[in-house]
Amino acid sequence: MTSRSYLIVGHGGQGVLDLGNFLSYDAMLHGERTAYTPSYGPETRGGKVRCYVVTSDEEIDSPIVDEIDVLVAMNNPSMDFEKVVKPKGLLLMNQSLIDRVPTRRDLQVIGIPATDIADKMKDQGFALSDTRVLQNSVAYGATLATLGKPFDKEEVRAVLEHVYQGSKSRFIPANLEAARAGYEFVAERQGLKFAECGCD
Amino acid sequence: MNGRVLLKGNEAIAYGALEAGLNAYFAYPITPSTETPETLAKEFGNSKYPDFKVFLQAASELEAINMTLGAASTGDLAMTATSSPGFSLKQEGISYAVGMEVPFVIVDVNRGGPGLGNLGVEQSDYLQATRGGGHGGYKLIVLAPNSVQEMLSFPKLAFDLAFKYRNPVLILSDAFLGQLKEDIAPNQSANGHNYDISWATLGMKNGQRHVLNSLHLESDSQEKHERHLYQKYVQMRNEVRFEKMDTDDADIVLVSYGITSRICKSAVKTGRENGLRIGLFRPITLNPFPYSQLSILANQGKKLLVVELNTGEMVEDVMLAANGTTRVEQMNRLGGNVPTVADILAKCKEMI
Amino acid sequence: MMLQSVDEYETKLGVPEGWTRTPTHYCPGCEHGILTRLIATVIEGMGIREKTVMVDSVGCSVLAYEYLNCDHIQAPHGRAPAVMAGVKRTHPELTVFTVQGDGDALAIGLLGTIYAAIRAEPVTVFLYNNSIYGMTGGQMAPTTAVGQVTTTTPYGRDLQKTGNPIDIMKILSQTEGPSYLRRGILAPEPVEAKHGMMYQAKNVLQAKKIIENAFKVQQKGGYSFVEFLGTCNVNWKMTVEESKHFLYDQVAKRYPPGIFRDKLGIEGSPK
């Protein structure tokens, strides 16, 4: 059985739950089983938000697991969850908002300035007043690259279409570009050693 | 994607009800149950669901349950969903419905604690759900799903059982299952239904008068009515449902329902990989509770560990089933916390 | 016309099929029996009895299913409007109505009463306002007068403690929903006559007309709410005669009969 567990943590407005949905849909579209568990405070903005995603090629027993394969940390407080990552697991850090340094030495750490990349997209003419909201799609693309998955534009679009339906579908082109930017950022740097990613 | 869809538990309940032929839904918003009415509001008018003729947001939980009672009195398939504080408010209407023998489906998405509590998962409505919950000593059939797939399929089962016994049926979900998203296989197209509604208040067809009433002022009349209801509770015991996993050679059997039974499944597998002979017994109907099936395991000397998200509720039923023949232990988490596989295995090691 | 027995009464006046012929439990002097009988006559006359569902409330009206020969649902205390909404929304072809007391409709059930009006549910409410909780033995009701003695206001209703009595016509008039808001009197009016007391049936006959109007409004898709003033001589601790005087001299002054809304012009020009 092959399974993978993700924990995505950030604050409200960072699109943490949508990012969990991207990963869940991505798995389902690839024929895997998946479970997505949101966990958030009562406020829709500004609170501490996290979600768990489990993917597997078999039926999933527990939708949450004791240890995480991939931690996507979107802000400083989310680094607290470093301790639940499996030995030799993966830590994807949003360097734009994290100045904390990983304490674990056994993890594969990838840093990406997801928020900055999203901010810089404001000049690309998307119908968005604030492109910062794209930081989750940047992180999504980065996750795909980190896991060595190919970037298939149509598949990513299909995922985005599942999550952004109805009036939200107008966000799809911008998110698709953001995912590509995140993917390319990591892909160009794949194989970087821990010290080289600027985390130390 | 093999025709699979990714749905949230609360959404799956809505689609399951629609596919069962839901006619009327009465809503009152309460977290974490609200995706069910939101989904139904969105699907109202969809030509795929021609039977779905009423969606109405009430001004209170009391209105919502009594609208459900009214719609169900006509023999229509009526449903309402809520979460713990709202479930308390609905008890009045549920008690009346049992007394009047009016079938409908209620969903309780169990959240944390007494009072306003919190929005986290708990299983602390267990006793309220299985002991009737309102006044007057009655029983509901209580179905406890543990996956989004079951959230989709249980509404049909719930309506079948409700009309079979002319008694409300409760789907006891929880904050975790309600918010959980899983990929599921859509139900096979619904076969429709052919429930007996000769009792329904649809006007005096053929001169036959229908009175749905829970009032019996004469003692003998009230006793007769309650004995009649009791006989139905006895018959409902035939509907007992449960699931067993690796119990045959187990030294310890975990007893758990709902979301915690999923964590227990992982614990059984991980435990066995580490040489612990653990099994799982999962009640699917919490009422009727599978007492006799569980007592067989108890009589074999297997130790029972009840894993639940309350301060000890189902453990009372497990102890009744064990009847002193074996050791019954419990472990629990509260307030939105859930036990980890490691917690469960540590407790098992302690018990051996 | 003096009638000596029930049989003679039935022979002379006829019995509507809407009546089950079950003797009522209502106390002598109470107008609940009049209301039930009038409704039976009206639904018979309108030919809607077999397409009617009555939702019985809790209070003295609760046993209506024993007397009115149509389908019945017995609702929890104060919940008749919600139950009616459930029936009518799923089955608009049915005529759906309730008879509620003032405790049921205006205290425990006020939220349901107001929201049914706001949503303009096409149902009919007949409120029997007798200023008291009758079934439970004479406690203060939302409509009890300031100073009135009841078992829970043994020294008279205290304005400081409990506020003023409720006027549901004023409250519902604030909402757009209702098509027909009407207050009438169910009790016959006591008048002095040559040989002692006599009762005039004028308001009773008008009550019958009002009931018919309310059902007509429902048939046209409107919400109708009728408040009938009635007596409760037993819990008012009065003779029947005293209670009728009290109703006309005092209650009807505080709660004047009239048309408070008539959107469809069922009693003439729309109001």
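The values are calculated or read from the model by the stated rules, or taken from the named source; none is laboratory data. Predicted model only: the values in this text are computed from it and were never measured. Backbone-built Cβ (ideal geometry, glycine too); neighbour counts: all protein chains shown. Ligands, DNA and RNA are excluded from the accessible area calculation, which covers all protein heavy atoms including side chains. Shrake-Rupley method; radii C 1.70, N 1.55, O 1.52, S 1.80 Å.
Yes or no, residue by residue, for (1) assigned by TED's automatic domain parsing to the domain that holds B:TYR96; (2) crowded, with 16+ Cβ neighbours inside 10 Å; (3) touching a residue at least 40 places away in the same chain (Cβ under 8 Å):
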{"site": "B:VAL211", "(1), (2), (3)": "yes, yes, no"}
{"site": "B:HIS216", "(1), (2), (3)": "yes, no, no"}
{"site": "B:ASP220", "(1), (2), (3)": "yes, no, no"}
{"site": "B:LYS224", "(1), (2), (3)": "yes, no, no"}
{"site": "B:ARG227", "(1), (2), (3)": "yes, no, no"}
{"site": "B:VAL253", "(1), (2), (3)": "no, yes, yes"}
{"site": "B:ARG262", "(1), (2), (3)": "no, yes, yes"}
Checklist line | Flag if B:ASN118 is over 18 Å from the mean Cα position of the chain (by Cα), modelled with pLDDT under 95 and surrounded by fewer than 23 Cβ atoms within 10 Å (Cβ to Cβ) | finding: yes
Note to self: List the residue pairs whose Cβ atoms are under 9 Å apart, where the first residue sits in segment C:64-81 and is of a type in the set (Lys, Arg), the second is assigned to a strand (DSSP E or B) and buried (at least 24 other Cβ atoms within 10 Å of the Cβ), and the two are 6 or more positions apart or on different chains.
What the structure shows: C:ARG79/C:VAL55
Margin query: Can you confirm whether B:GLU101 is within 14 Å of chain C (Cβ to nearest Cβ), among the acidic types (Asp, Glu) and on the phi < 0 side of the Ramachandran plot?
Written below: no
Next item on the list: Out of C:VAL53, C:VAL58, report the one residue that is in contact (Cβ under 8 Å) with a residue 24 or more places away in the chain, touching a Lys or Arg at 6+ places or on another chain (Cβ under 9 Å) and closer than 15 Å to C:MET135 by Cβ.
Entry: C:VAL58
Item checked: Residue ID - farthest from the chain's Cα centre (by Cα), chosen from residues in segment C:48-99 that are more than 8 Å from chain B (Cβ to nearest Cβ) and β-branched (Val, Ile, Thr) -> C:ILE48
Notebook entry, point to check: What number of residues in segment C:88-105 are open to solvent by 10 Å² or more (accessible area, probe 1.4 Å) and in a helix (DSSP H, G or I)?
Noted result: 2
Next item on the list: Among the residues of segment A:64-87, write down those that are within 14 Å of chain B (Cβ to nearest Cβ), in a helix (DSSP H, G or I) and charged (D, E, K, R).
Entry: A:LYS83
Check: Within segment C:40-47, is there a residue that is within 8 Å of another protein chain (Cβ to nearest Cβ) and within 30 Å of C:GLY138 (Cβ to Cβ)?
Finding: no
Next item on the list: Given the conditions (1) crowded, with 19+ Cβ neighbours inside 10 Å; (2) within 12 Å of chain B (Cβ to nearest Cβ); (3) not small (Gly, Ala, Ser), report the number of the one that C:ILE34 does not fulfil.
Entry: (2)
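Anything in segment C:85-108 that is in contact (Cβ under 8 Å) with a residue 40 or more places away in the chain and either under 18 Å from B:SER60 (Cβ atoms) or of a type outside the set (Gly, Ala, Ser) (or both)? List them, or say none.
Of everything in segment C:85-108, those that are in contact (Cβ under 8 Å) with a residue 40 or more places away in the chain and either under 18 Å from B:SER60 (Cβ atoms) or of a type outside the set (Gly, Ala, Ser) (or both) turn out to be C:GLU93, C:LEU94, C:THR95, C:VAL96, C:PHE97, C:THR98, C:VAL99, C:GLN100, C:ASP102, C:ASP104, C:ALA105, C:LEU106.
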Check: Restricting attention to segment B:283-299, does a residue exist that is surrounded by fewer than 23 Cβ atoms within 10 Å (Cβ to Cβ) and under 30 Å from A:MET1 (Cα atoms)?
Finding: yes
Next item on the list: Would you mind telling me which numbered condition in (1) within 13 Å of chain C (Cβ to nearest Cβ); (2) touching a helix residue (DSSP H, G or I) at 6+ places or on another chain (Cβ under 8 Å) B:SER95 fails?
Entry: (2)
Next item on the list: Mind listing whichever residues of segment C:64-87 are open to solvent by 10 Å² or more (accessible area, probe 1.4 Å) and outside any loop (DSSP other than H, G, I, E, B)?
Entry: C:TYR65, C:GLU66
Next item on the list: Kindly indicate whether any position in segment B:67-82 is more than 14 Å from chain C (Cβ to nearest Cβ), buried (at least 20 other Cβ atoms within 10 Å of the Cβ) and in contact (Cβ under 8 Å) with a residue 12 or more places away in the chain.
Entry: yes
Next item on the list: Please enumerate the residues belonging to segment B:63-96 that are closer than 18 Å to C:LYS88 by Cβ and assigned to a helix (DSSP H, G or I).
Entry: B:GLU63, B:ALA64, B:ILE65, B:ASN66, B:MET67, B:THR68, B:LEU69, B:GLY70, B:ALA71, B:ALA72, B:SER73, B:GLY93
Check: Within segment B:101-115, which residues are at pLDDT 95 or above and either closer than 19 Å to B:VAL255 by Cβ or surrounded by fewer than 21 Cβ atoms within 10 Å (Cβ to Cβ) (or both)?
Finding: B:GLU101, B:ASN110, B:PRO114, B:GLY115
Next item on the list: Please go through segment B:1-53 and pick out each residue that is of a type in the set (Ser, Thr, Tyr), in contact with a strand residue (DSSP E or B) (Cβ under 8 Å, 6 or more places away or on another chain) and away from chain A (no Cβ under 14 Å).
Entry: B:TYR15, B:TYR25, B:TYR28, B:SER33, B:THR36
Notebook entry, point to check: Which number in (1) open to solvent by 10 Å² or more (accessible area, probe 1.4 Å); (2) touching a Leu at 6+ places or on another chain (Cβ under 6 Å) marks the one condition that B:GLY16 misses?
Noted result: (1)
